[in-house]
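S.K.: I'd like to ask some things about the structure below.
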There are 2 protein chains.
Amino acid sequence: MKKGNLDLIKKMNRTLVLETIRRDQPISRASISKKLGLSRSTVTLVVNELLEKKFVFELGLGDSTVGGGRKGMKLGFNPKSGYGVGVDIGRSNIIIIITDMDSDIVFKEIYPSTNNVETIANYISTSMSKSGVDTKRIFGIGIGVPGLVNTRSGEIIELSALGWKNFNLLEQIQPYFKYPIFVNNDVNCAALGERWVDKTDNMIFIAIGSGIGSAIIANGDLVEGHHFSAGEINLFIDREDIKHGKENNSESIGVFEQQVSGLAFEKLGYSAEFVLSNYKKGQKEIDQIIDQFVNYLSITLANMTSFLNPEKIVIGGGVSKSLNVVIEDIKQKVASFTNIPVEIELACLGSDAGALGAIAYAFDKIQNEDFM
Amino acid sequence: MKKGNLDLIKKMNRTLVLETIRRDQPISRASISKKLGLSRSTVTLVVNELLEKKFVFELGLGDSTVGGGRKGMKLGFNPKSGYGVGVDIGRSNIIIIITDMDSDIVFKEIYPSTNNVETIANYISTSMSKSGVDTKRIFGIGIGVPGLVNTRSGEIIELSALGWKNFNLLEQIQPYFKYPIFVNNDVNCAALGERWVDKTDNMIFIAIGSGIGSAIIANGDLVEGHHFSAGEINLFIDREDIKHGKENNSESIGVFEQQVSGLAFEKLGYSAEFVLSNYKKGQKEIDQIIDQFVNYLSITLANMTSFLNPEKIVIGGGVSKSLNVVIEDIKQKVASFTNIPVEIELACLGSDAGALGAIAYAFDKIQNEDFM
DNA sequence: ATAGTTTGTTTATACTCCGAACAAACAAAC
DNA sequence: GTTTGTTTGTTCGGAGTATAAACAAACTAT
C-alpha cells in the first residue's frame, strides 16, 4: 500500500472523474457528482482543471430532466489528450505503434530487429518525430519482447533469439527517454491488447505460432507467477505422453508444444496454413493431423476453463488466422469436456497485438502505480 | 477505485503504521517515519491514536545508534486488540473458532451441522459469549461452506448437501450480528488459512478428501473466476480418459476426481487411509492403485505449475494426512514433468483450516475494502 | 408571471499531512 | 565535568484537500 496524503486524494479524484467522463460521456458535472459521491463543488474544481489541460471538452447543453431545472453542460473525453508508444521487439522485426487514448493507431512503422539498445532507442525517437505527435502529450512507452521478463526490474531473464540473458533492458533504454517505460513479455502484452478492445477481468490468451504460449488475466490483473514464468503451457504433458516416453528434459523441451503449435506441422513437413486450408478436403492424413491437434488443444482449453473459470479464451498468434475452419469444432469439444461455460474466440488484433498491448500495459501501469 | 477524501488518507496511514508495527516490531516512531516516508509529526499523531485504542503498546527504550542520539521508544503490536470469528459449515459438523490477530486460537467449539440459519446464528453467539472475548474487539465473522459461493452478494449458488441453492446466506444471517460478515467457499478459506501462517502471493491449494478441489492465490488475491467456479479440478480430463469413453456429463461428473481422490479408493472397496498405510508392503494391487494415483496427481500438479508458476502447492484435505508416504515421490515426479521449480508441501492446519481461513478471509477483506 | 427544480459557482470551514522549530536524551571527544 | 553533534519525539503554523451552505443562473410546468 502507498501512504496517503493530499496529493494522493487529488490524483485519485482527478483520475476518477476523468475515467467517468471517458466511460459515460456525454455526462454533466452534476451527474458525475451523483455517480461518484463527490460534492458538486469538488467536481467543478476538478473539471475546470481537466478542461484547462484539454483532457476533456464541453460538448454543449444537454436535456432537462422531467419537471424542469437548468440544463447540464455535457462533458466529453478528448482521446487526443494522450498518446502511448508501443514497441514489439520480435525475432525478425521491431514494430512501433503510436495510439491515442482510444487505442486508435496514429502511426506505425516496422524496422528490422536488433539487440542494440541505442538503435532501438533511435527507432523509437524517429517514429515519435515522424508521427508529428506533441511529445508533451506522450504518457509512456511500453515494450514487449518474446522472452522471460522480470517486469518489476525491467530485466530480460532469457531471450536467446536476441542474445539477451539477465539483461536489464529497462535500465539500458530509460536514459534515452524522459517518459516512463514498461517492459513485459510479448504474449502478456498481446493479451492486454485484446483486453483493451474487449474488456474483461478474467481471460486466458493463447498464442499459437511456431510455438505455443499463454497469458492469464485474473481479477483484472496479469498473472505473472512467482518468477514471471506463468503461462508456459508449452510444457504441458499428459499420461499418454509419458506412456510414450516423452519428457520435458534438456534435450527436448515442450511436450505439448511439439504436438499443438506450428512446430507440430513443420515436423511433418507441412506449414500450418497448408494443412488447415486443406482440412476435410479428402486427404485422410491431413484430417488426422488436424483432428489430433484440435483434440489435444480442446482438452487443454477445457482443463484451463475448469481450473480458472475465465470469461473467455482468446486464441491468437500466427497460426490463429488459419483456425477459422476448426474454431466451431473446438468450441463444441470444449463444451463437451467441461461443464463450466466459457467463450472462445480468435484474436482480432493480428500482428499489431504485441505493440498495441504494450501500450495497454503501460497505460494500466501508470493508472495503477499512482494509487497502490 | 474509491473516491479520495481526508478520511481515506487518515485510514490508509493508520493501517499502514499499524501494519508496519505488526510486521517490524519492535520499532520506534522515527524508524516508522523513515520506512513509510511519513513525517515524524504525523507518525506521532497516528501512534498516539493507536496507543489510545490499545492497538499498540510502548515496549521500552531501544538502543542508541552509533554516534549517540536519543534512544527511540520501541512500539509493539497488541495481538489481543482484535479478534475474528471463523465458521466452517461442513456437511456433518460446524466448526467455530475465535482467534486473536496473531491467529492464535482462543476458543473452539464443534456443533452438529444444520441448514437452519437461526440455529447457526445461535451457535455463533453462544461461542462468542463462552469465549469471554470483549465483543467490541471483534472485527468480523468469516464463514466457509462446501459449495459454490458468490462472494460479492453472499449468495450460496449451490450446496446440495445442505439443500441450499441460490440461497443468500449473507442476507439471512447478517441481521443477527452487527459485525461485518463474509462468506466464501471452504477450499478457498482453507487456502487463505494456510497462507496466513505461511505468507506467499502465489500458491495453489489442493484439497483431497472424498472428492478433490482447489483454490488459487495469484498476485496475493484469491482467483475466483468469472462465475466463482475457479478451482474445479475435479473436472480435469485427458486424452486417455477420452479414449476410454470417460466424460463429464450429467450422469457422471468428475473424471479426474474419480481417479484422484478418496472416491477412487472407495470405488475399489478401500479407504484412503488403508491403501496409503499399506503402500509398498508387498501387496501388488495396492501398490498399483497408489502408483496410478500418484502419477496422475503429479502430472496435474506439474501442469498447474507450468501454467501458473506458483511459489508453492499445498496439499490439504482429509486424505492429505495419509500422504506422507508418497509426498517425496510426488515432488520428484513433478520436477521431472516440468522444469519450472515449485515447492510442494502438505497442509499444516488440518481440520481447523476452513474456520481459520474464514477468519483470514474476513481479515483480508476488511483491510482491503476500505482502500479500494 | 410565478413557483419549483436543477445546475454550476463561490465562500467559509474542517480536516489532513507536513516542515520548521524546539526540547529532551544520548554518545563521544575533550 | 563540559561541550559538541546526533537522534528522537512534540508542538505549532501553513499549505492544500474536499465539503456544506449559500447563491446565481437556467429551465419546466402551471
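Just so it is clear, none of the values below were taken in a lab; they were calculated from the coordinates. Owing to the predicted nature of the structure, the values given are computational and were not obtained by experimental measurement. When we count neighbours, we look across all protein chains shown, and the Cβ atoms used for this are built from the backbone with ideal geometry, even at glycine.
S.K.: Per-residue HN-Hα couplings for region A:70-78, Karplus 6.51 cos²θ - 1.76 cosθ + 1.60 at θ = phi - 60°, whole Hz, x for Gly and Pro?
M.R.: Karplus values, whole Hz, x for Gly and Pro: 4, 6, x, 7, 6, 10, x, 7, 9.
S.K.: Once Lys and Arg get +1 and Asp and Glu get -1 on their Cβ, which of A:ILE290, A:VAL223, A:GLY317 lies farthest toward the positive end of the dipole of region A:199-347?
M.R.: It is A:ILE290.
S.K.: Report Rg(Cα)/(2.2 N^0.38 Å) for region B:6-77, keeping two decimals.
M.R.: This ratio for region B:6-77 stands at 1.07.
S.K.: Can you list the lysines whose alpha carbon sits under 29 Å from that of B:LYS246, skipping same-chain ones fewer than 8 residues off?
M.R.: Counting by Cα, and skipping residues close in sequence, B:LYS246 has these lysines nearby: A:LYS243, A:LYS246, A:LYS280, A:LYS284, A:LYS312, A:LYS331, A:LYS333, B:LYS165, B:LYS267, B:LYS284, B:LYS331, B:LYS333.
S.K.: Let me ask you something else. Compute the distance in nm between two label points, each set 7 Å from the Cα along the Cα-to-Cβ direction, one at A:ILE105 and one at B:LYS199.
M.R.: Here the answer is 4.6 nm between the modelled labels.
S.K.: If the cut-off is a Cα-Cα distance under 16 Å, which aspartates and glutamates reach A:LYS34, setting aside same-chain residues fewer than 8 apart in sequence?
M.R.: Hits, sequence-local ones excluded: A:GLU19, A:ASP24.
S.K.: Still on this structure: Could you size up the charge dipole of the protein assembly as shown around its Cα centre, putting +1 on the beta carbon of Lys and Arg and -1 on that of Asp and Glu, and report it in debye to the nearest 20?
M.R.: Value, rounded to 20: 3040 debye.
S.K.: Here's something else I'd like to know. Taking Cα pairs under 8 Å and at least six residues apart, what relative contact order does region A:116-164 come out at, in percent?
M.R.: This gives 18 percent for region A:116-164.
S.K.: Can you give the charge dipole size of region B:6-77 about its Cα centre, rounded to the nearest 20 debye, using +1 on the beta carbon of Lys and Arg and -1 on the beta carbon of Asp and Glu?
M.R.: With only Lys, Arg, Asp and Glu charged at Cβ, the dipole is about 80 debye.
S.K.: Find out how many positive minus negative residues lie around B:GLY132, taking Lys and Arg as positive, Asp and Glu as negative, among other residues whose Cβ is under 14 Å from that of B:GLY132.
M.R.: Charge balance near B:GLY132 sits at +2.
S.K.: Then there is this: Indicate, rounded to the nearest 5 percent, the antiparallel portion of the DSSP beta bridges found entirely in region B:199-347.
M.R.: Counting DSSP beta bridges with both partners in region B:199-347, the antiparallel share is about 45 percent.
S.K.: Against the globular-protein guess of 2.2 N^0.38 Å, express the Cα radius of gyration of region B:145-289 as a ratio, rounded to two decimals.
M.R.: Computed over Cα atoms of region B:145-289, the ratio equals 1.25.
S.K.: May I ask you to derive the FRET efficiency for B:LYS80 and B:ASN122 from their Cβ-Cβ distance with R0 = 35 Å, giving the value to the nearest 0.05?
M.R.: Taking R0 as 35 Å, the efficiency between B:LYS80 and B:ASN122 is 0.85.
S.K.: Set Lys and Arg Cβ to +1 and Asp and Glu Cβ to -1, take the dipole of the protein assembly as shown about its Cα centre, and tell me which of A:ILE253, A:LEU75, B:ILE97 lies farthest positive.
M.R.: Among A:ILE253, A:LEU75, B:ILE97, the one farthest towards the positive end of the dipole of the protein assembly as shown is A:LEU75.
S.K.: Arrange A:ASP221, A:ASP100, B:ASP7, A:ASP238 by Cβ neighbour counts within 10 Å, fewest through most, would you?
M.R.: Starting with the residue having the fewest Cβ neighbours, the order is B:ASP7, A:ASP221, A:ASP100, A:ASP238.
S.K.: Quick one: what are the phi-derived ³J(HN,Hα) couplings along region B:327-334, Karplus 6.51/-1.76/1.60 with θ = phi - 60°, whole Hz, x for glycine and proline?
M.R.: Per residue, the Karplus-derived 3J(HN,Hα) values read 5, 5, 4, 4, 4, 5, 5, 4 Hz.
S.K.: Now for a different question. With θ set to phi - 60° and the Karplus curve 6.51 cos²θ - 1.76 cosθ + 1.60, what are the ³J(HN,Hα) couplings of region B:121-133 in order, to the nearest whole Hz, using x for Gly and Pro?
M.R.: 4, 5, 3, 4, 4, 4, 4, 5, 5, 4, 5, x, 6
S.K.: Near B:ALA215, within a Cβ-to-Cβ distance under 10 Å, what is the net charge of the other residues, with Lys and Arg +1 and Asp and Glu -1?
M.R.: It works out to a net charge of -2.
S.K.: Return the long-range amide H neighbours of B:VAL149 (sequence gap of 5 or more, or a different chain), with a cut-off of under 5 Å between placed amide H atoms.
M.R.: The answer is B:ILE157, B:ASN185.
S.K.: List the residues of region A:177-215 whose backbone N lies under 12 Å from a point placed 7 Å from the Cα of A:ASN324 along the Cα-to-Cβ direction.
M.R.: Counting backbone N atoms under 12 Å from the label point, the list is empty.
S.K.: Here is a further query. If amide H atoms are built 1.01 Å from N in the plane of the peptide, which residues on other chains or at least 5 residues away come under 5 Å of the amide H of B:ILE138?
M.R.: Here the answer is B:TYR83, since their amide H atoms fall under 5 Å of that of B:ILE138.
S.K.: Let me ask something else about it. Write down the Kirkwood hydrodynamic radius of chain B, to one decimal in angstroms, obtained as one divided by the mean of 1/r over all alpha carbon pairs.
M.R.: The Cα-based Kirkwood calculation yields 22.8 Å.
S.K.: So how much slack lies between B:SER160 and B:LYS34, counting 0.36 nm per residue of separation and subtracting their Cα-Cα distance, in nm?
M.R.: Using 0.36 nm per residue and subtracting the Cα-Cα distance, I get 40.0 nm.
S.K.: Taking only the C-alpha atoms, wrap a convex hull around the protein assembly as shown and report its volume per residue in Å³ as a whole number.
M.R.: Hull volume over Cα atoms, normalised by residue count, gives 218 Å³.
S.K.: Fewest first, what order do A:HIS244, A:HIS226 take by the number of other Cβ atoms within 10 Å?
M.R.: Least to most surrounded, the residues fall as A:HIS244, A:HIS226.
S.K.: OK, next. In straight Cα distance, which lysines are under 17 Å from B:LYS35, not counting same-chain residues fewer than 8 positions off?
M.R.: Of all the lysines, those that pass the test against B:LYS35 - Cα under 17 Å, at least 8 places apart if same chain - are A:LYS2, A:LYS3, B:LYS74.
S.K.: Arrange B:CYS348, A:CYS189 by Cβ neighbour counts within 10 Å, fewest through most, would you?
M.R.: B:CYS348, A:CYS189
S.K.: Which cross-chain or sequence-distant (5 or more) residues have an amide H under 5 Å from the amide H of B:LYS74, H modelled 1.01 Å from N in plane?
M.R.: B:LEU59, B:GLY60, B:LEU61, B:GLY62
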